[in-house]
Each structure stands twice: as C-alpha cells, then as structure tokens.
There are 2 protein chains.
Amino acid sequence: MRRPGALTGLTEVRDHSLKGQNISMAHDNDRLASYDQAVKAEFDQIEDLLRDLVAIQHRPDFVAQAQHMLQEHLGFSVPETLLSNAWVEGLDVKSLAAFCTFETYQRFANAAIQSQPLAHPNPEVFQDLLEACGFHWMDITPCSDGRLAHVIRYVLRLPTHLVRRKSYAGAVFDIDDNMNKWVEVELGRLRSSAGQVLSDSRYLKIVAYHYSSVDHAHEGCAAHGSDDEAAANAARDVLHAFQEAVQNSHCCGASIGLMMIGVDTATDRIKIHLPNADGTLRTECFVSSGDFFMPHQQVDGPLRQKIMAALEASAPGCSPGMVQLAAHLMTNNLAQLQLVHDHHGDGYEDVGHAERFIGVGVGFEEIQLRNLMYFAYLKTIEEGATDFAVGMKIFKGLNSQRGLPIPVVIRFDYHGHVPGARSRAVARAQRIAGAITQHYPDEIATGQLHYVQLVRDLDGPTPLEILGGTINADFGGAHP
Amino acid sequence: MRRPGALTGLTEVRDHSLKGQNISMAHDNDRLASYDQAVKAEFDQIEDLLRDLVAIQHRPDFVAQAQHMLQEHLGFSVPETLLSNAWVEGLDVKSLAAFCTFETYQRFANAAIQSQPLAHPNPEVFQDLLEACGFHWMDITPCSDGRLAHVIRYVLRLPTHLVRRKSYAGAVFDIDDNMNKWVEVELGRLRSSAGQVLSDSRYLKIVAYHYSSVDHAHEGCAAHGSDDEAAANAARDVLHAFQEAVQNSHCCGASIGLMMIGVDTATDRIKIHLPNADGTLRTECFVSSGDFFMPHQQVDGPLRQKIMAALEASAPGCSPGMVQLAAHLMTNNLAQLQLVHDHHGDGYEDVGHAERFIGVGVGFEEIQLRNLMYFAYLKTIEEGATDFAVGMKIFKGLNSQRGLPIPVVIRFDYHGHVPGARSRAVARAQRIAGAITQHYPDEIATGQLHYVQLVRDLDGPTPLEILGGTINADFGGAHP
C-alpha cells in the first residue's frame, strides 16, 4: 500500500542525520526547514482536496473516486458515511475537514513519536555544557502562541528531551505548578546522590515572551494586548515571583537561575536578558541576536567573544556560567536566523496567527513546529477558560470566517506505570469535552467546532489512543 | 461589649488544659465534648432565634428589638438592610439565616485559629512514638462525609498539626495530588539531612472509610451507595495503587506504609486493617476497638498486650512498628468510646447527616468536629462536580425541605510568603463562586443557595479574609 506524503518520508531524513555527529549547520537547517514545510503541506492540502471533492460530489461514482483521491493526496481514506450521503444532503465539508485534520494530526504525531524526526544531532554536548555552566535542569515557559512552539528545537537549537517546556498564555506560568516540578526535580537529584555532597548547581528557569518587529501594535502577544513592554514586564515579574516562592518555601539553599528571552515572531531573532549581580532581571537590558547576524557568516572565536562581551556588559555581575550558556543560545540562534534568511527572506510570510488546530490539555511534546497548533495547556476549562477563549477567538478569524470548522485536539498524556493514570487521563479528556460542549453548544451543534479526544502513555513509544469525538467515525489509519 | 456564647468562652478551657501535660482522659473527654456541644449550639440556635424574629417582624420597633435579640443570643448584630424592609416585604429569612450561619462560622473559625481550643495536651509524645515506630510522616484521607471530620482529634486522639488530613468523597484520594505531597515531604527530609545518611523510616498513608452499625443500608458512605464492602475495597485499592505509583515513579527505596481504618459513624468504633508480610491490606482482616471497650475501664498493660496480640494475629508479618502504632490508635479510640458512652449513650443521636453548612475549596483545618460541615475539597467545580453535587443533595434533604437556604462557604487557604499566592487564592474563590452560580442559577436566584467567599493566609494566626458573597452586607464582627 502506498503511503505518500512527508510524514512517512521523514524517516529517511532522520536516518541520514544520525550518520555523523558533527552534522553541519547547513545540513541541520535543510532538515529542519524541509520537515516544517512537509508537515504543514500535509495539513494545508486538505482544503484544496476538499474543494476538488465538492466539485465532483454529484457524480454517480463519487464515493469510490473520493476515496481514491483522498488516498492519493492525503495518504488515507475516510469512513464511507462521511461521503455516502453527499448525493442527498450535499457533502458535509465541515465534518470531512475536521476528520482529515484529526487524521493528519495523528499520523504526524505518531510518526514523530516513532521516528523522532527532530532528534538533535548531539544532545550530549548540550548536556555537558549545561552542567559546566552550573545548571542541572533547564525549564522554559514560552507563550502558548503557536508562533513560539518551535522555540526549543528551532529558535534555540536545543534537544527537546533535555529541556522541559510548558506553555502558558502570555508566558505567565502557574507558580504552584512550577514549584511542584522544582520539588520533583530536586528530590530526584537528592535521591540519586545517595547521601553524597551535591554540586552547587542550580535549576534554570527561562521565560520566552514575544513581540513582532513587523507589526508591533497588532502581532505581539495577544495575552498582553500586543503591548511589548507589558509582555516583558510580566515575564520578569513571574520569574522573580517564582524565585522568591521557592526560596521562601525551601530556604536559602534552594537557588534558582533566571533568564528571559524575547522572541521576534516575524524573524525568530531573540533578545536575551540576564540577571545582574543581585539576581534581578531588567526588561531594558538585553542583547539582541540580530546585532550579530550576517548571512552565511562563519561563527568563529572572535564572534563568540563579541557576543560574550556584549552579554557581560548587559548584566554586570552575572555568573560566568549563565553568560556562557546565554552565548551558546545566541550563537545557536544565528543558525536559525540563517534558516529564516534562506527560506523566508526578510521574515516569515505568516506574520500573524496561522495555526492549523487548537490543542487542549497536557502533552503535545511532538509539536515543535512554528504556527502549527495553538496550545491551551489546562486541566479544566473552568481554570483555563481564558486560554481556550483566546484560541477560539483566533480560530474564528482563521477558520470560521472561511466557513471551515475549528478543529480541537483534546489530549492528556500519562505515565502508564502509575496505577490508574490512564483512567484519570481518560476522565480528564472526557470532562474537557463535556465542558467544551457546555460552553460552546451552538458551535458544536452547527459543526463549527469539532473535537477529538486522545490520550497517550508516555512510558514507551506508544501511539496516540483515540477515545472519541464529535465525528462518529473511526480514526487511526484503520482504512486501507 | 458583652460577647456571649461558647466561641469566646473556650479560651478558658484551653488555658486550663495547658497547666499540666498529663491531663487525664476524663478531663480531655469533658473538654472535647463540651467544645463540640458549644460550637454546635451556636449554629443551632440561629433557627430558633429567627423564628422569634419572624413572630415580631411587624412591630414598629422591630429593627432595634431584633438587633438586641441577635446580640444577646448570637453575640452579633446584622446589617440593618437585612431587617429594615421586613415591614414591607416580610422578613427575608433566607438571607438572614445564611448571614447568621456565615457570621457564626467566621467567629468560630477565627476563635479556633486564635486560641487553638483543640490543642493536644502532649503532641510530643505522639511525635516520638511515630518516629519510634519507623514513620516520619502521617497522612490521613478520610471520607469527606461530615461524620468523619473529627477523626483525628476525637476518634484517634491525635494532635491535628502533626497529621496531614485531606478529605475525598468515598475516601478515594487523588493519586497525583498525593504523589506531589509525598515528593514534597521527601525533599524536605532529604534537604534537612544535609547529606547525612537517613534513617530507614517510612511515609505512612492511612485511609479512613466509614460504615454505620445502626443502619448499614442507608447511613453508610453515600459515595459507595452505602455498600460497606465497596467502601472498604475502594480504600484498599487506592492505597495499593498509591504505593505502587510511588514505587514505580521513584524506585524501590521509596517505601510507603499503609493502614486502613474503618469508622462506625454511629458509635465512633474503629476497625484497623494492617498490611501483612507482603505489604497487602485485606478488607476481611481487621481488629475492632469495640471488642476491647468496657465503660470506665482502666487502660492498663494487660489490655494493651491483648490489643497488640490481636493486631499481630490479624496481619501476620506486619512490621512491629506498624503494630505498635496501631495499638496506640486503638487505645486512643477507647477514650473516644468512653466519651460517646458518657454523652451519647449507645451511639450518636444524629446517626445520619446533620451538617450545618457546606465547605468548598482548600483549607478548613479548624473543622475537627463531627457533623458540622460537609466538605468538598476541590479546586474547580468542573473537576469536583460530583463531590459538590453530593453535598447539594444532602442539603436539599437537610435544609431546603425545611425552607432554609443551603449555606456554602468557599474558602482557599494560601501561604502569604509565596508571591502572588493570595491573588491566586482569591481568583480560585471567585472562579468557584462563578461556577456555582452557573451550575445552580435557580437556587441562587431564589435564595435557596447562599455562599460567602473567604481566603486565609496560613503563615500566621491571621483571621479569615472575607471577599464577598451572595449577601450584599458586611461580615466579620464589624457590628457593635
């Protein structure tokens, strides 16, 4: 059976990439760019194909022909019930669009889980560097805006499995949730030390806020009303509050390193803010990677020295390890600026939101691509109402205006080795589905909003498990 | 200004109790019984007083006379707006009843926070015993049924500040939440050890389920359909699952001790289930305190030996420390059985539910009294819908049938030293209030359901802070 499309083709790219450790930046850039384009093309061709199907829906052999075209262009067929009534009622484009989006998402996610297409060429180099710089853990909170979803692997060129990421609207993370994570990390570290004296290393917490150099007033962070200063101030405040919370609750030894990164969503340029001698961050003090970028330049010793010097000058008294790590992130970012230059010229074509679906819940680790998904990280709609409402508003502009449905993927990942974890994840997914139906009854009834519920066992490369959704049909590639 | 009533009078009792460490059981019993009666009397006289006010509501000097009577009997006056329109519209008994309940609750809670009326006479004895038995932490999950709220200080005679309590409907606790707590406790222990080798002590997790010896079929645990076996099985299963979850997530060294206690809500007799040699609990194997109780007996060495022997026989291979601790709990319970015998004869008069209000949120540590409050421990109504619905059902029987409103206290405690903690607690309380209004619009509109929102800073003996509620009036003893 032919399985066309980029999702499966990516395995080759990855096999190739693992041949040598010292993969060149150019090679890494080609690989990252082609994966990004291929995945998005899979989503974007759905609309074109559905337009073609609409045009032929009244032909007598429509069902067979449609399945053939779906198989040929998208790589899967759809449940016959989504096609067979077209001659009576007209093709149900909304259900079909939602089904194809969910099916494409699953195929993409399962392929990513299986073959790790974004595997970093040399993660151990980063691990060693992080430790040498005095940190045992790196945790980034980006804004949940889809234009920041690629911050780890693309913008900063880091291995995704070595950096914890949890997105929040406006990058203002939940302090209690982050305290729990800190406590868990520290316990693991202390337990594994088996009573030995521990190194004086720190937990590094980074917030990635964003702004737009193309259209400051409209394409900045929606959660902060596109006010760049407000976005940066909020990032600084939540970081200081987190540090203080940990220190107040777990005494002086509990030291946390802080860093703030501003991402220009139009160009992927970054501003790095480092803490000065007394540990505070300032929004007006930063170094911008744009100042060091020249197309096709060699990132050599002198350039690194210049970057280090600029970082040091921006935050007098900052720890040398922090400066060194920041310099690493900044030189990494130069590779991304080269990618953007090569593939997008002066900046991205999609300056604004162009996400393909909304993701709701806890999980989605495979989403490391820009502008693919709007993420509402939440456990209940009651608490996450704002995050979800922002997503709905964005998609009413993106999809509803064109008559297309808003596709919502509800997903909760769990650890299968924890008893009852799966059933709790399932219950959460079902509760969210119920709450969405309760909050958006009209959108559900008219097919403007479709959802699918998924869970995934993180203990192993297991595929997504489909629980159900608004479309009463099978998912998951069961179709020949 | 005269401040009558038991709430303030209790300070004397407490001062007296601290004079000697070896307070006799009889003295402790008198003190506990009189506090329980006094607090409940404060709540119960509200209805009588309101009936008296109704009878005189059309007198010309009603407002002044009503305030005088309120002050004299309840110890506080009420905002005049709750009285002044009675001559036109008839007395708004529902708002008045809710106001008086909320005001009484606050006075009770603030007095309890301030003067610690249930302070244990010798907490250090228990602390030493716990450690000697091989445990560094004791954590009890009782059912959220109000008839179990006194389990720590009354039924088991333990110091409340040395035992963590968090109630769940059916005593089936949230494993993830409890894992977080375990991790936090272990981190604190490891950090404070400063690299020294730690003792081999364990974290003790206890579940207290319940049944009724008077009316098994109707007065058992509502969450398990009054099926005693189902309640015990659920307790066993969640304990085993928790142990497995911790061990799977944090390897073999993470050992957890388990114990299960069944409480007869009609008599406060307990059944203790201990784990046998392979660590498993069995619902059919237990020792019952009722078998050892004789009124006014001396709890001497031979009796203790008999209890120890029975416990050992019930769980072959159980650790000696666990048996010793269980024997301590069982002899403690004999004191409570004496209290019940002295003050309630063969068993409680209020066999069924008789809670005075519903508590929703996180906190309520001062609620250590039986059948005073139905507790829905939750952070969102979306997740805690079942717990809250069970409470509403109970109160529709208790209050609504008599025309009285259902009083709901929404409360979130927080640690003031954690930045932003207060504003998060406030946001939670407001979100819950909004969700209740959304879920029960008719009950709110007709005054059948009233709520008040409170927060409290746990870092210090600070009183409750009132945020607002359905009654547009001042609370908190601002009335002369």
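Is one or more of the residues making up segment A:417-427 under 17 Å from A:Met373 (Cβ atoms), among the polar types (S, T, N, Q) and either surrounded by fewer than 20 Cβ atoms within 10 Å (Cβ to Cβ) or under 24 Å from the mean Cα position of the chain (by Cα) (or both)? There is no residue in segment A:417-427 that is under 17 Å from A:Met373 (Cβ atoms), among the polar types (S, T, N, Q) and either surrounded by fewer than 20 Cβ atoms within 10 Å (Cβ to Cβ) or under 24 Å from the mean Cα position of the chain (by Cα) (or both).
Remark: A:Ala55 falls outside the filter, which requires a residue to be small (Gly, Ala, Ser), surrounded by 13 or more Cβ atoms within 10 Å (Cβ to Cβ) and either over 19 Å from A:Ala109 (Cα atoms) or at pLDDT 95 or above (or both).
With respect to (1) closer than 27 Å to A:Glu42 by Cα; (2) touching a helix residue (DSSP H, G or I) at 6+ places or on another chain (Cβ under 6 Å); (3) crowded, with 22+ Cβ neighbours inside 10 Å; (4) of a type in the set (A, V, I, L, M), the lone exception for A:Val351 is condition (3). Can you tell me which residues in segment B:236-264 are modelled with pLDDT of 95 or more and away from chain A (no Cβ under 14 Å)? The answer is B:Met259, B:Met260, B:Ile261, B:Gly262, B:Val263, B:Asp264.
With a requirement of 1 or more residues that are free of Cβ contacts under 8 Å to residues at least 40 places away in the same chain and among the aliphatic types (A, V, I, L, M), the helices (runs of 4 or more DSSP H) lying completely within segment B:22-115 that satisfy it span B:25-56, B:62-74, B:81-84, B:86-89.
Only one of the numbered conditions (1) in contact with a helix residue (DSSP H, G or I) (Cβ under 9 Å, 6 or more places away or on another chain); (2) within 14 Å of chain A (Cβ to nearest Cβ) is violated by B:Lys166, and that is (2). Could you list, in sequence order, the residues of segment B:275-321 that are touching a Pro at 6+ places or on another chain (Cβ under 7 Å) and under 23 Å from B:Val263 (Cβ atoms)? Across segment B:275-321, the qualifying residues are B:Asn276, B:Leu281, B:Ala315, B:Cys318. In segment A:329-345, the residues that are closer than 21 Å to A:Thr160 by Cβ reach residues that are buried (at least 21 other Cβ atoms within 10 Å of the Cβ) and of a type in the set (Asp, Glu) with C-beta atoms within less than 6 angstrom, at least six apart or across chains, in these pairs: A:Gln336/A:Asp268; A:Val340/A:Asp268.
Select from segment A:75-131 the residues that are among the β-branched types (Val, Ile, Thr) and over 27 Å from A:Asp457 (Cα atoms) and list them in ascending order. Correct list: A:Thr81, A:Val88, A:Val93, A:Val125.
B:Gln247 satisfies every condition listed in (1) touching a strand residue (DSSP E or B) at 6+ places or on another chain (Cβ under 8 Å); (2) surrounded by 19 or more Cβ atoms within 10 Å (Cβ to Cβ); (3) polar (S, T, N, Q) except (2). State all residues of segment B:210-254 that are over 23 Å from B:Ala376 (Cα atoms) and of a type in the set (S, T, N, Q); if no residue qualifies, say none. Within segment B:210-254, B:Ser213, B:Gln243, B:Gln247, B:Asn248, B:Ser249 meet the criteria. Whether any residue in segment B:454-476 is part of a loop (DSSP other than H, G, I, E, B), away from chain A (no Cβ under 13 Å), surrounded by fewer than 19 Cβ atoms within 10 Å (Cβ to Cβ) and in contact with a strand residue (DSSP E or B) (Cβ under 7 Å, 6 or more places away or on another chain) is what I want to check. Among the residues of segment B:454-476, at least one is part of a loop (DSSP other than H, G, I, E, B), away from chain A (no Cβ under 13 Å), surrounded by fewer than 19 Cβ atoms within 10 Å (Cβ to Cβ) and in contact with a strand residue (DSSP E or B) (Cβ under 7 Å, 6 or more places away or on another chain), which makes the answer yes. Among the criteria (1) under 30 Å from A:Glu184 (Cβ atoms); (2) acidic (Asp, Glu); (3) buried (at least 22 other Cβ atoms within 10 Å of the Cβ), the one B:Asp237 does not fulfil is (3).
Please find, within segment B:119-144, the residue that is modelled with the highest pLDDT out of those that are touching a helix residue (DSSP H, G or I) at 6+ places or on another chain (Cβ under 8 Å) and more than 18 Å from B:Ile206 (Cβ to Cβ).
Residue satisfying both the conditions and the ranking: B:Ala119.
When B:Val183, B:Val172, B:Val125 are checked against the criterion of being β-branched (Val, Ile, Thr), more than 18 Å from the chain's Cα centre (by Cα) and within 14 Å of chain A (Cβ to nearest Cβ), B:Val183 stands alone in meeting it. Only one entry of A:Ala235, A:Ala208, A:Ala231, A:Ala171 meets the criterion of being under 21 Å from A:Thr267 (Cβ atoms) and in contact with a His (Cβ under 7 Å, 6 or more places away or on another chain), and that entry is A:Ala231.
Flag set for B:Phe292, criterion: crowded, with 19+ Cβ neighbours inside 10 Å and either of a type in the set (S, T, N, Q) or in contact with a helix residue (DSSP H, G or I) (Cβ under 7 Å, 6 or more places away or on another chain) (or both). Can you tell me which condition B:Leu190 does not meet? The list is (1) aliphatic (A, V, I, L, M); (2) modelled with pLDDT under 90; (3) under 30 Å from B:Gly391 (Cα atoms), and all the others hold. The single condition B:Leu190 does not satisfy is (3). The condition of being crowded, with 20+ Cβ neighbours inside 10 Å, in contact with a helix residue (DSSP H, G or I) (Cβ under 8 Å, 6 or more places away or on another chain) and among the polar types (S, T, N, Q) holds for only one of B:Gln336, B:Gln297, that being B:Gln336. Here is the figure for segment B:339-348: residues that are touching a helix residue (DSSP H, G or I) at 6+ places or on another chain (Cβ under 9 Å) and part of a loop (DSSP other than H, G, I, E, B) total 3.
So, of the residues in segment B:193-212 that are among the small types (Gly, Ala, Ser) and crowded, with 17+ Cβ neighbours inside 10 Å, which turns out to be modelled with the highest pLDDT?
Step by step, filter segment B:193-212, then rank; the result is B:Ala208.
Listed by position, the helices (runs of 4 or more DSSP H) contained in segment B:365-450 that have at least 1 residues being touching a residue at least 60 places away in the same chain (Cβ under 8 Å), within 14 Å of chain A (Cβ to nearest Cβ) and closer than 24 Å to B:Pro461 by Cβ are B:421-439. Among the conditions (1) in contact with a Gly (Cβ under 7 Å, 6 or more places away or on another chain); (2) within 14 Å of chain B (Cβ to nearest Cβ), A:Ser212 misses just one, which is (2).
The values are calculated or read from the model by the stated rules, or taken from the named source; none is laboratory data. All values derive from a computational prediction rather than experimental measurement. Counting neighbours? That spans all protein chains shown, and the Cβs are built from the backbone with ideal geometry, glycine included.
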